[in-house]
Amino acid sequence: MELWVSIGGEKKKYQGSFKNVMESLFTDGKGKEVKLFSVHAPKKELRRFKRELRKSRKDLIETARRIALWFYTRELRRANRCIKDYRKKTEPVSISKVKKARKLIEEIRPKIEALS
């Protein structure tokens, strides 16, 4: 995804994954005036972006916050599902998956709280 915006009168380009672009836009633009110039993204991402932009009444910072929060919530649910599926199994692979999922949860929780 590629996003061109104006943050406080300064033209800026964000490029990378959808999640990273939205998270960095939220952190950089919090409390400042943000204007959207252009968006280049795959069709699926563009649809989600436009839908969220309409829901937040064309507020770009709120849109970025909601999309980043959606990504982190999705990862949290995936990790919780992994723990639920593998916690009672005793194979070494299952144990390592549970540990990895718990570590991921510990990393995600502060990010979700920062966005909320």
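No value in this document is a laboratory result; all are computed from the given coordinates. These numbers were taken from a predicted model, which means no experiment stands behind them. No Cβ is skipped: glycine too gets one built from the backbone with ideal geometry, and neighbour counts run over all protein chains shown.
Mind jotting down the distance between the C-alpha centroids of the stretch 94-116 and the stretch 1-78, whole Å? One Cα centre to the other: 23 Å.
For the stretch 22-116, the set of GluC sites (Glu not before Pro) satisfying both a DSSP loop assignment and a count of at most 16 other C-beta atoms within 10 Å is given as Glu33.
Compared with the alpha-carbon gap, the fully stretched path from Glu33 to Thr73 is longer by 11.7 nm at 0.36 nm per residue.
Here's the picture: a label point sits 7 Å out from the Cα of Arg51 along the beta-carbon direction, and within the stretch 10-45 the residues with their amide nitrogen under 14 Å of it are 43-45.
With 29 Å as the limit on Cα-Cα distance, the pairs of Lys13/Lys43; Lys32/Lys99; Lys50/Lys103; Lys13/Lys103; Lys50/Lys111; Lys44/Lys88 that go past it are Lys32/Lys99; Lys50/Lys103; Lys13/Lys103; Lys44/Lys88. Using alpha carbons only, how many degrees (0 to 90, rounded to 10) separate the axis of helix 43-55 from the longest principal axis of the chain? The answer is roughly 70 degrees. Here the spin labels are modelled as points 7 Å beyond Cα on the Cα-Cβ line, and at Ile83 and Ser17 they lie 2.1 nm apart. Taking each DSSP H run with n ≥ 4 as -39500 (n - 2.57) and averaging over every residue of the chain yields -22500 deg cm²/dmol at 222 nm.
Once the Cα-Cα distance is subtracted from the 0.36 nm per residue extended length, the Glu62 to Ile112 segment shows a gain of 16.6 nm.
Here Cα extents along the principal axes in Å was computed from the coordinates, and among (i) 64, 32, 22; (ii) 56, 29, 23; (iii) 49, 22, 21 the match is (ii).
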